[in-house]
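**Student:** I'd like to ask you about the structure that follows.
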Amino acid sequence: MRPALELRELRKAYGPLAVLHGVNLSVPTGKLVFIIGPSGSGKSTLLRCCNLLEVPESGAVMVDGKDITLSGVNLNDLRQQVGMVFQSFNLYPHMTALGNVTLALRKVQKMNKAQAETVGLEALARVGLTDKANAFPGQLSGGQQQRVGIARSLALKPKILLFDEPTSALDPELVGSVLKVMRDLRESGMTMVVVSHEMGFARAAADHVVFMDQGHIVEEGSPQTIFDTPQHPRLREFLASLGQR
Amino acid sequence: MNSTVPLSSMDRFVSSFFNAEVAARYVAPILDGMLLTIGLGLCVIATGLVLGLVLAVLRIQHVKLVNAFIIAFADIFRALPPLVVIILLFFAFPYIELSMSAFTATWLALSLVLAAFTEEIFWAGMLAIPKGQWEAARSTGMGSWGTLVHVILPQAVRMTVPPLTNRTIAITKGTALGSVVALHELLNVSSSASSEAGNATPLVMGAVAYLILFIPFVVLGRWVETRFAWKR
């Protein structure tokens, strides 16, 4: 079956600094691919290339078999198919939770207010925040804010969801609520690419784990092989530094 | 004449500054001056704020040549004293066949100065919105225009209400500068009346009229600040 997302020889540099050195990655439909690696290894850049928040120098990003880096691709259509959840939530502070979730439905998908609110409330229900629909981001905990962030992407009914360190900005006791939502999404068959340091979650929920270092994919495999029988010295070193081995 | 009792200093003070008879005589022209000041002020505020916003929005499109013009405009009109601009427009422009009325010259000069400051304030406000706000909106398929209108500007405008209110008040008070080009606005009317009557009462009336005009403005600014502050 054709993968939902495929990266081919992806290269990205900031001036003289190369961040991605020809990365290849395949994300099958309905699977959760987890990307780990030290900071500065290029994981976030890789993720941000998948919806072209960063534009790669060369290589292809295939979504549903179509290369989205080619000119003539409608970026705004594409981005509704590839949702993104951010480390710092990036909710709109001047809008309620429901306002955050419905903005793109109204302005991009051109739904009327009632339609958008129905869809928006459904999305908020999936993250367990129906009762917070009218709260402003500043009135919500970090975990709740991140779940609104997930609902904002989810409402657009994307084919793929990208998570950029979704729990890194959260207090430890709030991490669980966000991971639970992510687990529910996985069970519902959502294709997900997750950059995160939540190794326990990776072990329990990932279908495939990718270890990146210095702009290369150094090793990849099932969670068991990556965490229990790591081969590459850099991966072993990385896991040891996290106390995972 | 010598039979009259000399006025006490208190009486002299009252009759110079709060003379009811003089006040009654000049109420009508001072009200006219006040109306003109209100009209001019509203025109300046509308033109200056809208033009400033348009320039800031143009500037964030990052077109080099356009931005060079906007920056030059903002720098020049923030540096020039508004009085100089008024005098240039009114007395110098006729030499290039561009005569304008005192009202037009004052309105145009103050609007340009307000637009220059407004542009800088909005620009700073938009820059202060975290990059993540753009990214979040763009990642949901919103275009750059939609993102600007629905996500960035509403936040930038709220953030800039206090400096914008202050600057708007400062420049709108500059309508008094129209008196140098014989515009019959509030200050001009009250000071002429004062000379004519040989009494300071009309100037006091003018001062009171300015308070009546601008205190509501200050209060309105504060109300806007609290009304549009989102819950944190």
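The values are calculated or read from the model by the stated rules, or taken from the named source; none is laboratory data. Being a predicted model, the structure only gives us computed values, none of them experimental. For neighbour counting, all protein chains shown are included, and Cβ atoms are generated from backbone atoms with ideal geometry for every residue, glycine included.
**Student:** Taking the stated definitions as given, is B:Val224 in a helix (DSSP H, G or I), at pLDDT below 90 and within 30 Å of B:Phe13 (Cβ to Cβ)?
**Tutor:** Considered against the rule, which asks whether it is in a helix (DSSP H, G or I), at pLDDT below 90 and within 30 Å of B:Phe13 (Cβ to Cβ), B:Val224 comes out as no.
**Student:** Out of all the residues in the range B:163-173, is one or more in contact (Cβ under 8 Å) with a residue 60 or more places away in the chain, over 30 Å from A:Arg106 (Cα atoms) and surrounded by fewer than 18 Cβ atoms within 10 Å (Cβ to Cβ)?
**Tutor:** Within the range B:163-173 (the criterion being in contact (Cβ under 8 Å) with a residue 60 or more places away in the chain, over 30 Å from A:Arg106 (Cα atoms) and surrounded by fewer than 18 Cβ atoms within 10 Å (Cβ to Cβ)), the answer is yes, since at least one residue qualifies.
**Student:** Select from the range B:15-33 the residues that are of a type in the set (Val, Ile, Thr) and exposed (fewer than 14 other Cβ atoms within 10 Å of the Cβ) and list them in ascending order. So that I can check it myself, show each step before the final result.
**Tutor:** At the first step, the residues of the range B:15-33 found to be of a type in the set (Val, Ile, Thr) are B:22, B:27, B:30.
Passing the criteria: only B:Val27.
**Student:** Another question, then. Scan the range B:67-89 and report the pairs whose first residue is within 11 Å of B:Ala105 (Cβ to Cβ) and whose second residue is of a type in the set (Phe, Trp, Tyr), with Cβ atoms within less than 8 Å and a gap of 6+ or a chain change.
**Tutor:** B:Val85/B:Phe77
**Student:** Filter the range B:1-14 for residues that are surrounded by fewer than 10 Cβ atoms within 10 Å (Cβ to Cβ) and modelled with pLDDT of 75 or more and give the result.
**Tutor:** B:Ser8, B:Ser9, B:Met10
**Student:** I would also like to ask the following. Do we have any residue at all in the range A:117-125 that's surrounded by 19 or more Cβ atoms within 10 Å (Cβ to Cβ), closer than 23 Å to A:Ala169 by Cα, within 14 Å of another protein chain (Cβ to nearest Cβ) and of a type outside the set (Ser, Thr, Tyr)?
**Tutor:** Yes, because at least one residue in the range A:117-125 is surrounded by 19 or more Cβ atoms within 10 Å (Cβ to Cβ), closer than 23 Å to A:Ala169 by Cα, within 14 Å of another protein chain (Cβ to nearest Cβ) and of a type outside the set (Ser, Thr, Tyr).
Residues are listed down the side, and each one gets a yes or a no for (1) over 19 Å from A:Arg79 (Cβ atoms); (2) of a type in the set (Phe, Trp, Tyr); (3) part of a loop (DSSP other than H, G, I, E, B):
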| site | (1), (2), (3) |
| --- | --- |
| A:Ala116 | no, no, no |
| A:Ala125 | yes, no, no |
| A:Ala135 | yes, no, yes |
| A:Gly138 | yes, no, no |
| A:Ser153 | no, no, no |
| A:Pro166 | no, no, yes |
| A:Glu173 | yes, no, no |
| A:Gly176 | yes, no, no |
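**Student:** Out of the range A:91-114, which residues are facing chain B (nearest Cβ under 10 Å) and in a loop (DSSP other than H, G, I, E, B)?
**Tutor:** Once the filter is applied, which keeps residues that are facing chain B (nearest Cβ under 10 Å) and in a loop (DSSP other than H, G, I, E, B), the range A:91-114 yields A:Leu91, A:Tyr92, A:Pro93, A:His94, A:Met95, A:Thr96, A:Val108, A:Gln109.
**Student:** Could you go through the range A:126-145 and let me know if any residue there is at negative phi, of a type in the set (Lys, Arg) and within 22 Å of the chain's Cα centre (by Cα).
**Tutor:** Looking through the range A:126-145, at least one residue is at negative phi, of a type in the set (Lys, Arg) and within 22 Å of the chain's Cα centre (by Cα).
Each row is one residue, and each column tells you yes or no for (1) charged (D, E, K, R); (2) within 14 Å of chain A (Cβ to nearest Cβ); (3) out of contact with any Asp or Glu (no Cβ under 6 Å at 6 or more places or on another chain).
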{"residue": "B:Phe91", "(1), (2), (3)": "no, no, yes"}
{"residue": "B:Ala109", "(1), (2), (3)": "no, no, yes"}
{"residue": "B:Pro154", "(1), (2), (3)": "no, yes, yes"}
{"residue": "B:Val157", "(1), (2), (3)": "no, yes, yes"}
{"residue": "B:Val161", "(1), (2), (3)": "no, yes, no"}
{"residue": "B:Gly174", "(1), (2), (3)": "no, no, yes"}
{"residue": "B:Ala193", "(1), (2), (3)": "no, no, yes"}
{"residue": "B:Leu203", "(1), (2), (3)": "no, no, yes"}
{"residue": "B:Val208", "(1), (2), (3)": "no, no, yes"}
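**Student:** Just the residues that are at pLDDT below 95, among the small types (Gly, Ala, Ser) and exposed (fewer than 15 other Cβ atoms within 10 Å of the Cβ), please, taken from the range A:191-245.
**Tutor:** A:Gly200, A:Ala204, A:Ala240, A:Ser241, A:Gly243
**Student:** Does the range B:135-148 hold any residues that are facing another protein chain (nearest Cβ under 7 Å) and crowded, with 24+ Cβ neighbours inside 10 Å, and which are they?
**Tutor:** Correct list: B:Ala136, B:Ser139, B:Thr140, B:Gly141.
**Student:** May I ask you to list the residues in the range A:126-145 that are free of Cβ contacts under 8 Å to residues at least 24 places away in the same chain, more than 12 Å from chain B (Cβ to nearest Cβ) and more than 20 Å from A:Arg183 (Cα to Cα)? It would help to see each step written out before you state the result.
**Tutor:** At the first step, the residues of the range A:126-145 found to be free of Cβ contacts under 8 Å to residues at least 24 places away in the same chain are A:130-131, A:139.
The next check asks that each one be more than 12 Å from chain B (Cβ to nearest Cβ); those that pass are A:130-131.
The answer is A:Asp131, and nothing else.
**Student:** Could you list, in sequence order, all residues of the range B:113-124 that are of a type outside the set (D, E, K, R) and over 14 Å from B:Ala170 (Cα atoms)?
**Tutor:** Taking the range B:113-124 first, the residues of a type outside the set (D, E, K, R) are B:113-118, B:121-124.
Residues satisfying the conditions are B:Ile121, B:Phe122, B:Trp123, B:Ala124.
**Student:** Let me ask something else. Provide a single number: the residues in the range A:54-90 that are under 16 Å from the mean Cα position of the chain (by Cα), among the hydrophobic types (A, V, I, L, M, F, W, C), within 14 Å of chain B (Cβ to nearest Cβ) and buried (at least 20 other Cβ atoms within 10 Å of the Cβ).
**Tutor:** 6
**Student:** A follow-up question, please. Kindly indicate whether any position in the range A:62-80 is touching an Asp or Glu at 6+ places or on another chain (Cβ under 7 Å) and farther than 28 Å from B:Ala156 by Cβ. Lay out the reasoning, then the answer.
**Tutor:** Pass one, the range A:62-80, residues touching an Asp or Glu at 6+ places or on another chain (Cβ under 7 Å): A:62.
Those left that are additionally farther than 28 Å from B:Ala156 by Cβ: A:62.
Within the range A:62-80, one or more residues are touching an Asp or Glu at 6+ places or on another chain (Cβ under 7 Å) and farther than 28 Å from B:Ala156 by Cβ.
**Student:** Starting from residues that are in contact with a Leu (Cβ under 7 Å, 6 or more places away or on another chain) and of a type in the set (Val, Ile, Thr), keep the ones in the range B:78-126 and report whichever is nearest to B:Leu186 (Cα to Cα).
**Tutor:** Within the range B:78-126, the match that is nearest to B:Leu186 (Cα to Cα) is B:Thr106.
**Student:** Filter the range A:130-152 down to residues that are small (Gly, Ala, Ser) and farther than 17 Å from A:Glu117 by Cβ, then give me how many there are.
**Tutor:** Total meeting the criteria: 5.
**Student:** With (1) of a type in the set (Val, Ile, Thr); (2) surrounded by 19 or more Cβ atoms within 10 Å (Cβ to Cβ); (3) farther than 27 Å from A:Val101 by Cα as the list, and B:Val151 as the residue in question, which single condition is left unmet?
**Tutor:** Of the numbered conditions (1) of a type in the set (Val, Ile, Thr); (2) surrounded by 19 or more Cβ atoms within 10 Å (Cβ to Cβ); (3) farther than 27 Å from A:Val101 by Cα, the odd one out for B:Val151 is (3).
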